[in-house]
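In what follows, a single structure is set out as structure tokens and then discussed.
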Ligand code: FES
């Protein structure tokens with residue numbers, strides 16, 4: 001994928017120059033905050049080739065906004081100096097990059113092997129039934145998004161587990177899971193504006 005992206009980017013740059021189809025700043029309201037733009041600029045300076053900073057730059061944009069609207073991808077492309085098409089291609093490739101807004105609260109269930117062996121899939125199914133949404137969906141009121149994770153949260157020894165926004169819930173027994181569902185239904189975990197902000201592992205709360 002990286003080779004394909006680099007080839008395509010190099011071809012674009014050789015034909016159009018580094019920012020040929022980046023955002024036209026004059027007629028677009030910037031989505032990226034000045035601080036985010038500064039962080040991206042600092043990231044670009046770390047690498048001999050600007051386009052190497054594309055993935056971290058997209059993650060920085062997502063950390064600010066919560067997801068990646070098309071305009072933000074165009075802004076990142078312009079800052080990094082790659083084509084909008086190349087930035088879109090990368091943003092579409094990685095599941096950790098979000099091309100649509102999520103729920104106000106994120107419930108991420110780990111189903112990687114150690115957790116799956118300890119009941120992760122069953123936990124996901126129970127939450128899916130209780131919330132009446134499939135993994136990857138958002139409840140109709142936009143409050144909760146259920147996610148099947150593609151990453152280990154580093155809490156394998158405390159499986160089954162999930163992360164609700166910034167909070168880890170581990171050793172989830174049926175009783176603890178019922179309590180979690182009640183709290184989700186009551187909106188206890190809603191953190192407006194927190195979607196998209198991943199956090200480092202925290203202490204067990206279950
Ligand atoms: S496999 Fe689930 S936390 Fe590591």
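The values are calculated or read from the model by the stated rules, or taken from the named source; none is laboratory data. If you're wondering where the values come from, they're calculated on a predicted model, not measured in any experiment. All Cβ positions, glycine included, derive from the backbone under ideal geometry; neighbour counts span all protein chains shown.
Among the residues examined, residue 82 qualifies as touching a residue at least 60 places away in the same chain (Cβ under 8 Å), outside any helix (DSSP H, G or I) and more than 17 Å from the chain's Cα centre (by Cα). Across segment 61-75, which residue is nearest to the chain's Cα centre (by Cα) among those that are under 17 Å from residue 96 (Cβ atoms) and buried (at least 21 other Cβ atoms within 10 Å of the Cβ)? Selected residue: 62. Considered as a group, the residues in segment 135-152 that are in a loop (DSSP other than H, G, I, E, B) and either closer than 13 Å to residue 106 by Cα or touching a strand residue (DSSP E or B) at 6+ places or on another chain (Cβ under 6 Å) (or both) include one that is nearest to the ligand (Cβ to nearest atom), and that residue is 149. Look at segment 145-159: where a residue is under 13 Å from residue 123 (Cα atoms) and free of Cβ contacts under 8 Å to residues at least 24 places away in the same chain, no partner that is part of a helix (DSSP H, G or I) and more than 8 Å from the ligand (Cβ to nearest atom) sits 6+ places away or on another chain with Cβ atoms under 7 Å.
Residues checked against (1) part of a helix (DSSP H, G or I); (2) at pLDDT 50 or above; (3) surrounded by 12 or more Cβ atoms within 10 Å (Cβ to Cβ):
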position: 10; (1), (2), (3): yes, no, yes
position: 15; (1), (2), (3): yes, no, no
position: 29; (1), (2), (3): no, yes, no
position: 42; (1), (2), (3): yes, yes, no
position: 48; (1), (2), (3): no, yes, no
position: 55; (1), (2), (3): yes, yes, yes
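The set of residues in segment 38-60 that are in contact (Cβ under 8 Å) with a residue 24 or more places away in the chain, more than 14 Å from the chain's Cα centre (by Cα) and within 29 Å of residue 104 (Cβ to Cβ) comprises 40, 54.
Within segment 99-117, the set of residues being in a loop (DSSP other than H, G, I, E, B), within 14 Å of the ligand (Cβ to nearest atom) and surrounded by fewer than 19 Cβ atoms within 10 Å (Cβ to Cβ) comprises just one member, 112.
Matching residues to (1) closer than 23 Å to residue 68 by Cβ; (2) surrounded by 15 or more Cβ atoms within 10 Å (Cβ to Cβ); (3) at pLDDT below 90; (4) not assigned by TED's automatic domain parsing to the domain that holds residue 61:
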residue	(1), (2), (3), (4)
120	no, yes, no, yes
164	yes, yes, no, yes
172	no, yes, no, yes
180	no, yes, no, yes
194	yes, yes, yes, yes
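With the requirement that a residue be more than 12 Å from the ligand (Cβ to nearest atom) and in a loop (DSSP other than H, G, I, E, B), what does segment 118-134 give you? Within segment 118-134, 132, 133, 134 qualify. For the condition touching a strand residue (DSSP E or B) at 6+ places or on another chain (Cβ under 7 Å) and assigned by TED's automatic domain parsing to the domain that holds residue 181, what is the one hit in 115, 110? Only one candidate qualifies: 110.
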